[in-house]
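Worksheet: the structure to be examined is printed underneath.
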Amino acid sequence: MKVKKLDDWVEGHKKPMIISGPCSIESKEQFFVTIEGLKDTGINYIRGGIWKPRTRPGTFEGIGNKGLEWIKEAKDKYQVEIATEVATPQHVDLALNAGIGLIWIGARTTVSPFIVQEIAESLKGVDIPVLIKNPINPDLSLWKGAIERFYKADITKLGAIHRGFDSFQKTKYRNVPLWQIPIELKSEFPELPLICDPSHIAGKRSMVQEIAQKAMDLNYDGLMIESHIKPSEALSDAAQQLTPLAVKDLLNKLEYRDATNANRAFTDQLDIIREQIDQADREILEAIATRMNLVEKIGEFKKENNVAIFQISRWKEIFKTRPKWAKALNLDADFIKELYKFIHQQSVQKQTGIYKTKEKTKKDL
Ligand code: PEP
Ligand code: MN
């Protein structure tokens, strides 16, 4: 994928690229006063949603076309570039006519290949940046597919926004970040700018800073942060928006990391630690191989004695003791629980394989 670097589409770009502004444009005053508050914070794009795809009807679905006039006016008055979300080809036409500087595709749109295709085609030959939010469900292929559709429509100022994923489990996040998914995206498309939306991941103001910092620690290329002049009175996403002053404060407190460091002492030390990690990984794999050999042995033993593979009491015991052992070793108990789900799944699969092979051998005889 040959997309343009951020430097080619953000004038005077210095990392990270910042997009900030209200979740939704609600009134001319709210929009303009928010922009005034953000103007001197070194922000690259002002965000303002006017068509809001809400999960349920009856909530605020955006100010609609009225907002386009305010966008045009704000652009002239404050000399800023404005970004908005589009969800249909009609939105694209209207937004382009209003002189929009950047568009993004929302999480509820990315999930739908036909509409993504239509929007991508409606953008053919257009030179503004297009950012694709991750789909609401944790499906990397769907995200990649949407990005590829825009790429095939010759959009080269292309980027991705990580806004977290829907989860049926209750977590401290509104949308769980699952950082490994955007990291995988970045490893497949290293040139693709990756922007973090800590506001929709957090769902609450108090967590936006730490998520934004985590994105910087992971070398993201930019941030999209929702801001509102009176956050608690916002018509959408009131709990997660920051005042312009709080955005300024957040950006001042952010610590920026270098992508790498060419210093010899640093790279030598890095190599040493990486060698130790390689060795530790070999030992992990050897331990897993030992465990799987034992699983094979127990599988054969159970089969000979006509005992079922899965015994709930044993599984419960493993699930209880391993996180406890892990804790004593200063490991995160939840992480070990997840790891054991995979290990157990593989053990059951291996034993099932043994049962099947044996049956076949019997029949063959
Ligand atoms: C938004 O940006 O306000 C929005 C609706 O976000 P998402 O598509 O990430 O839910
Ligand atoms: Mn929002």
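A few remarks follow.
- Residues in the stretch 62-79 that are surrounded by 19 or more Cβ atoms within 10 Å (Cβ to Cβ) and either part of a loop (DSSP other than H, G, I, E, B) or not assigned by TED's automatic domain parsing to the domain that holds GLY37 (or both): 2 in all.
- Being under 23 Å from LEU285 (Cα atoms) and in contact with a Pro (Cβ under 7 Å, 6 or more places away or on another chain) is a description that does not apply to LYS324.
- Whichever residue in the stretch 56-86 is of a type in the set (D, E, K, R), farther than 22 Å from PHE150 by Cα and within 16 Å of ligand 2 (Cβ to nearest atom) and, among such residues, is modelled with the lowest pLDDT: ARG56
- Of the residues making up the stretch 109-135, those that are touching a Pro at 6+ places or on another chain (Cβ under 8 Å) and either farther than 24 Å from VAL10 by Cβ or more than 16 Å from ligand 1 (Cβ to nearest atom) (or both) are VAL111, GLU118, GLU121, SER122.
- Residue list for the stretch 94-124, filter: under 19 Å from LEU192 (Cα atoms) and small (Gly, Ala, Ser): GLY101, GLY106, ALA107, ALA120
- Lone qualifier among ILE181, ILE201, ILE195, ILE229 - being touching a residue at least 24 places away in the same chain (Cβ under 8 Å), within 15 Å of ligand 2 (Cβ to nearest atom), over 21 Å from ARG56 (Cβ atoms) and not polar (S, T, N, Q): ILE195
- Every test in (1) within 16 Å of ligand 1 (Cβ to nearest atom); (2) more than 27 Å from LEU194 (Cα to Cα) is passed by ILE82 save one, and that test is (2).
- Among the residues making up the stretch 18-55, those that are farther than 16 Å from GLN79 by Cβ and modelled with pLDDT under 95 are LYS52, PRO53, ARG54, THR55.
- For the stretch 154-172, a tally of residues being over 9 Å from the mean Cα position of the chain (by Cα) and either at positive phi or buried (at least 19 other Cβ atoms within 10 Å of the Cβ) (or both) returns 5.
- Of residues in the stretch 13-55 being part of a helix (DSSP H, G or I) and of a type in the set (Asp, Glu), the one farthest from ligand 1 (Cβ to nearest atom): ASP40
Residues checked against (1) at pLDDT 95 or above; (2) surrounded by fewer than 18 Cβ atoms within 10 Å (Cβ to Cβ); (3) aliphatic (A, V, I, L, M):
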site	(1), (2), (3)
PRO198	yes, no, no
VAL208	yes, no, yes
ILE229	yes, no, yes
GLU233	yes, yes, no
ASP237	yes, no, no
GLN240	yes, no, no
PRO244	yes, no, no
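- Residue match in the stretch 263-282 (condition: under 33 Å from the mean Cα position of the chain (by Cα) and in a loop (DSSP other than H, G, I, E, B)): yes
- Look at the stretch 207-225: where a residue is among the small types (Gly, Ala, Ser) and a partner is away from ligand 1 (no atom under 16 Å from the Cβ) and part of a loop (DSSP other than H, G, I, E, B), sitting 6+ places away or on another chain with Cβ atoms under 7 Å, you get ALA212/LEU254; GLY222/PRO16; GLY222/PRO193.
- Test: residue in the stretch 246-266 that is within 16 Å of ligand 1 (Cβ to nearest atom), closer than 25 Å to ALA83 by Cβ, surrounded by 11 or more Cβ atoms within 10 Å (Cβ to Cβ) and at pLDDT 95 or above: yes
- Among the residues of the stretch 225-241, those identified as closer than 17 Å to ALA83 by Cβ and not in a loop (DSSP other than H, G, I, E, B) are ILE225, GLU226, SER227.
- Test for ASP197: is it within 15 Å of ligand 1 (Cβ to nearest atom) and on the phi > 0 side of the Ramachandran plot: no
- Scan the stretch 7-45 for residues that are within 20 Å of ALA160 (Cα to Cα) and of a type in the set (Lys, Arg) and the total you get is 2.
- Taking the conditions (1) within 28 Å of ALA212 (Cα to Cα); (2) out of contact with any His (no Cβ under 8 Å at 6 or more places or on another chain); (3) part of a loop (DSSP other than H, G, I, E, B) in turn, ASP249 satisfies each one other than (3).
The values are calculated or read from the model by the stated rules, or taken from the named source; none is laboratory data. Everything numeric here is computed off the predicted structure, so don't read it as measured data. Cβ atoms come from the backbone with ideal geometry, glycine included; neighbour counts cover every protein chain shown.
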